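Worksheet: the structure to be examined is printed underneath.
No value in this document is a laboratory result; all are computed from the given coordinates. What you see is a predicted model; the values in this text were computed from it and never measured. Positions of Cβ are backbone-derived with ideal geometry, glycine not excepted, and every protein chain shown enters the neighbour counts.
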Amino acid sequence: MRLDDDSPCAMTLPPAKPIPLKERSALVFVERAQLDVKDGAFVAIDSEGQRIHIPVGGVACLMLEPGARISHAAVSLAAQTGTLITWVGEGGVRLYSAGQPGGARSDRLLWQARIALDDTARLKVVRKMYALRFGEDAPSRRSLEQLRGIEGQRVRHAYALLAQQHGVNWKRRNYDPDDWSKSDLPNRCLSAATACLHGLSEAAVLAAGYAPAIGFLHTGKPRSFVYDIADLYKLKTVVPEAFAIAAKVQKGRLDMAPERAVRLACRDVFRKTGLLSKIIPQIEEVLSASQLDKPGAAPEARKPAFKEEVSGDDGHRG
């Protein structure tokens, strides 16, 4: 089924009323189906014509896997409701591209860029991320490169410890993004888990009005800042789930594909921890560590897509 711009249903859609990001579900994966609009809401239609309705504006991110097709009407509705659309590999293990609903506010982009270009401010942000990630201050008088090396060592140690706790056969983090089959089971589970977290983190970064490419610890990649933010939560949320699923597979206790099990586990931990409601305020907390004043929006700037909330959690497209 397809709804064109001039169809009666498409022309009579009521005005969208976006839901604040913190009140939404986290992620919805769509595979081997067409995503369209029916009665003012997203609907996924499979090859047999079965329809599954998705609450309009009720999700932060739609992740389209191989075999998924999306109509112009669905993309338009996602933009109106502030729902991020991403195109991912099978099982969500690779992120190919992402849409950007709404328009980012230049004041936050300029603040982020100014911090990234100031070596002193950038190092303060990296130290703040270190403290949030590991629960202790970063070693003093260390350069950014040295802190990057220390973080890498701590993460490798955490992986080895979790593997030991779950009884997983673990060698090291090793995967080929161009050949999924080359990775061993624990690495496939970890890749699937981090892809879920990256999708959620990118939705939050874009919703808050920042640029995914302007990172502080990670640099030179289209989603450097997404990786920076995701790393704040990775070891406490999705990585333990990945090793737990890998352990079940090794013991023959899993009745579904490991990647799907990882996605479901990540979904549950996102809901249990309320992660989505925490990410956006923490982005501002991290950048504020730079001690560079946050500029105000220009008088002629575009107004936020959603009404500003007194809580200070501007979890929406700004």
Subject >> Rough spin-label spacing in nm, given labels placed 7 Å along Cα→Cβ, for Leu117 and Arg69 >> reply: 4.5
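Taking loop as defined by DSSP and a crowding limit of 12 other beta carbons within 10 Å, which GluC sites (Glu not before Pro) in region 100-162 fit? Each step should come with its number before you reach the end.
Details: sites: Glu136, Glu145, Glu151; in loops: Glu136.
Here the sparse-neighbourhood loop sites are Glu136.
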Original post:
For the charge dipole of region 151-264, defined by +1 on Lys and Arg C-beta atoms and -1 on Asp and Glu C-beta atoms about the Cα centroid, which residue among Ala195, Thr237, Gly167 has the Cα displaced farthest towards the positive pole?
Top reply: Gly167
Subject >> Difference of contour (0.36 nm per residue) and Cα-Cα distance, Leu264 to Ala158 >> reply: 35.9 nm
Original post:
Which of the trypsin sites (Lys or Arg not before Pro) found in region 215-258 are loop residues per DSSP with 15 or fewer other Cβ atoms within 10 Å of their Cβ?
Top reply: Lys236, Lys251, Arg253
Subject >> Low-density loop cleavage sites - chymotrypsin sites (Phe, Trp or Tyr not before Pro) in region 207-253, where at most 13 other Cβ are within 10 Å (DSSP) >> reply: none
**OP:** Could you work out how far apart the two model spin labels at Leu185 and Gln146 are, taking each label as a point 7 Å from the Cα in the direction of the beta carbon, and quote it in nm?
**Re:** 4.2
**OP:** Run through every distinct alpha carbon pair of region 126-270 and return the Kirkwood hydrodynamic radius in angstroms, one decimal place.
**Re:** 16.1
**OP:** Give me the net charge of Lys236's neighbourhood, meaning all other residues with Cβ under 12 Å from the Cβ of Lys236; Lys, Arg count +1, Asp, Glu -1.
**Re:** +2
**OP:** Grab the Cα-Cα distance for Phe134 and Ala257, subtract it from 0.36 nm times how many residues apart they are, and report the gain in nm with one decimal.
**Re:** 41.1 nm
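When only Cα pairs under 8 Å and 6 or more residues apart are kept, what is the percent relative contact order across region 106-288? Display every interim value, and only then the final one.
Details: 194 pairs, mean separation 45.7, N = 183.
Relative contact order for region 106-288 comes out at 25 percent.
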Original post:
What pairs in Lys182/Lys251; Lys221/Lys294; Lys182/Lys236; Lys221/Lys251; Lys38/Lys294 have C-alpha atoms more than 32 Å from each other?
Top reply: Lys221/Lys251; Lys38/Lys294
